[in-house]
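Below is one structure, written out as structure tokens; the observations come after it.
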Amino acid sequence: MSIFGAINTAATGLTANRLRLDVIADNMANVNTTRTTEGGPFRRGRVIMRPVTEGPFWRSPFLPDTLDDGVGRGVRVVEIQRDNTEGPLRWDPTHPDAIRTGQRAGYVEMANVDIVTEMVDMISATRAYEANASIIEGSKSMFQRALAIGQGR
């Protein structure tokens, strides 16, 4: 893998994990939202990532197929899925979004966001972001040392 390949791969990880952190922040901000513009309570979002398998940076145009080891393509975000599982019910018959009829009358369906799960996901995304930033910094340092060797220092 070339030095720029490592930087490109880490950059895709930085971008994907930044979006993941934004989605987690959105989930946590809406933990008590019982009414959205789509109707019903807020639904938790989650980022779906896949390996990069095509596009302009899929492979180097200067590297022959026999030397291309296929490593280091990176990731891309394919979609942000909404979790459609039912949220917890809270008894509050005076709430404007309380269910009016049926067996669940008087209950309010809350957002299906679990703060503990979101915090674990946030720590995971933060660590992944930091790891990718370290890869870029390490690649930059190796490149600078290689230049210094080439200059005879």
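For F143 and I80, what does the FRET efficiency come to when R0 = 30 Å and r is the distance between their Cβ atoms, rounded to the nearest 0.05?
0.30
R0 = 30 Å: FRET efficiency of T126 with N32, Cβ-based, nearest 0.05?
It comes to 0.80.
How would you classify region 67-153 from its alpha-carbon gyration tensor, with a ≥ b ≥ c the square roots of the eigenvalues: rounded for a/c under 1.5, else prolate if a/b is greater than b/c, otherwise oblate?
Prolate shape, in that a/c is at least 1.5 and a/b is the bigger ratio.
Report the net charge of residues surrounding E38, where surrounding means a beta-carbon distance below 15 angstrom and charges are Lys +1, Arg +1, Asp -1, Glu -1.
Summing Lys and Arg as +1 and Asp and Glu as -1 gives 0.
Residues with beta-carbon under 15 Å from that of A125, excluding A125: net charge, scoring Lys, Arg +1 and Asp, Glu -1?
Counting the neighbours of A125, the net charge comes to 0.
Using the basic label-point model (7 angstrom from Cα toward the beta carbon), what is the S134 to V52 distance in nanometres?
2.2 nm
Could you give the length gained on full extension between A105 and M119, defined as 0.36 nm per residue of separation minus the Cα-Cα distance, in nm?
Using 0.36 nm per residue and subtracting the Cα-Cα distance, I get 1.8 nm.
All of the numbers you see were taken from the coordinates with simple rules; none came from a lab. None of these values were measured; they are calculated from a predicted model. Cβ atoms come from the backbone with ideal geometry, glycine included; neighbour counts cover every protein chain shown.
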